[in-house]
Amino acid sequence: MMKHFAAIVFALGTLVSYAAAYTTIMRPTTQECYFERLKPGNHFSITFETAGKLPIDFSLNDAHRNPIYSMPHTGEGSYSYTSTGEGRYSYCFRNNAPHEIVVNFNPHGPEDEVFLASHDATPAENEVRKLSHNIEEVRDHFSFMLFRNEVHDQSVSDTQKRMFHWAILQVLALAGVCGWQIYYVRSLFKIRGVV
């Protein structure tokens, strides 16, 4: 009974974390930016991953559009930042490839990042908050792995279907060629009167 309860709780937690992630399909040579309003001392973190680990450029900019952090040509990453000023911070993904790229990302803004909010907490409470934050990151990474698994399963399924249809086509072509050869050889012998 306890195992079933634990499995249900785990499944629900996985679904909730998976629903919290965002997915976007980036067209070739485009950039998509998202914004987060931060106050001084607010903590912001983001984790992202592309389907197939295809490279994209990631950048985090402050309210004055000054770059804070950038990760060029990467298929996955994570970054945490504590803001020093107030304003609308932006994080951008750029696709420089000539094809579409699926990006799955999970931002945690100030309302999600409560582990740094209390300055008068005991060391044990601070450690528990940090542990909670690390568990969130593990859940995010797990949701990315589920997403990647779904993409790979779909790819394998599509490939197997194509291989099956190609094999059927080859069998039909082989049967047709064999039938034509038998017909041709029999007609050749009939003309000569051997049969």
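The values are calculated or read from the model by the stated rules, or taken from the named source; none is laboratory data. Bear in mind that the values here come from a model prediction, so they are computed numbers and not experimental data. Quick reminder, even Gly has a Cβ in these numbers, built from the backbone with ideal geometry, and neighbours come from all protein chains shown. Heads up: the accessible areas ignore ligands, DNA and RNA and are worked out on the full protein's heavy atoms, side chains in. Shrake-Rupley method; radii C 1.70, N 1.55, O 1.52, S 1.80 Å.
Quick one: dipole size for the range 34-188, taken about the Cα centre, charges +1 on Lys/Arg Cβ and -1 on Asp/Glu Cβ, in debye to the nearest 20.
So the magnitude is around 920 debye.
Could you give each residue of the range 37-42 its phi-based ³J(HN,Hα) in whole Hz, using Karplus coefficients 6.51, -1.76, 1.60 with θ = phi - 60°, and x for Gly or Pro?
8, 10, 10, x, x, 6
Please compute the length gained on full extension between Asp153 and Glu100, using 0.36 nm multiplied by the number of residues separating them and subtracting their Cα-Cα distance.
17.2 nm
Please work out the Cα convex hull volume for the range 119-195 and give it in Å³ per residue.
Each residue corresponds to 67 Å³ of Cα convex hull volume.
Could you calculate the FRET efficiency of Lys39 with Ala121 from 1/(1 + (r/R0)^6), where r is the beta carbon distance between them and R0 is 25 Å, rounded to 0.05?
Computed FRET efficiency for Lys39 and Ala121 comes out at 0.80.
Ordered by residue, what ³J(HN,Hα) values in Hz, to whole numbers, does the range 96-108 give under the Karplus form 6.51 cos²θ - 1.76 cosθ + 1.60, where θ = phi - 60° and Gly and Pro are x?
After applying 6.51 cos²θ - 1.76 cosθ + 1.60, I find 9, 7, x, 9, 6, 10, 8, 10, 10, 9, 9, x, 10 Hz.
Taking the inverse of the average 1/r across all pairs of different Cα atoms in the range 20-151, what Kirkwood radius in Å do you get?
Hydrodynamic radius (Kirkwood, Cα pairs) of the range 20-151 is 15.6 Å.
With a 1.4 Å probe and every protein chain kept in, tell me what percent of the accessible surface of the range 59-195 is carbon plus sulfur. Don't skip to the answer; put the middle values down first.
On the way: 5730 of 9580 Å².
On the range 59-195, the fraction of accessible area on carbon and sulfur atoms equals 60 percent.
Along the range 58-67, what does the Karplus equation 6.51 cos²θ - 1.76 cosθ + 1.60 (θ = phi - 60°) give for ³J(HN,Hα), rounded to whole Hz, x for Gly and Pro?
10, 8, 10, 10, 7, 5, 9, 6, 7, x
Using modelled amide H (1.01 Å from N, peptide plane; none on Pro or chain starts), what sits under 5 Å from the amide H of Ile56, excluding residues fewer than 5 places away?
His73, Thr74, Gly75
Once amide H atoms are placed 1.01 Å from N in the peptide plane, what residues at a sequence separation of 5 or more from Tyr69, or on another chain, have their amide H within under 5 Å of its amide H?
Leu60
Once fully extended, how much extra length lies between Glu86 and Ala63, figured as 0.36 nm per residue of separation less the alpha-carbon to alpha-carbon distance?
7.6 nm
Give the accessible area for Met163 in Å² (nearest 10); use a 1.4 Å probe, count only protein heavy atoms, and leave out ligands, DNA and RNA.
Its heavy atoms expose roughly 130 Å² to the probe.
Would you be so kind as to identify which of Ile191, Val156, Ser143 lies farthest towards the positive end of the dipole of the range 134-195, taking Lys and Arg as +1 and Asp and Glu as -1 on Cβ and the Cα centre as origin?
Farthest along the dipole direction, towards plus: Ile191.
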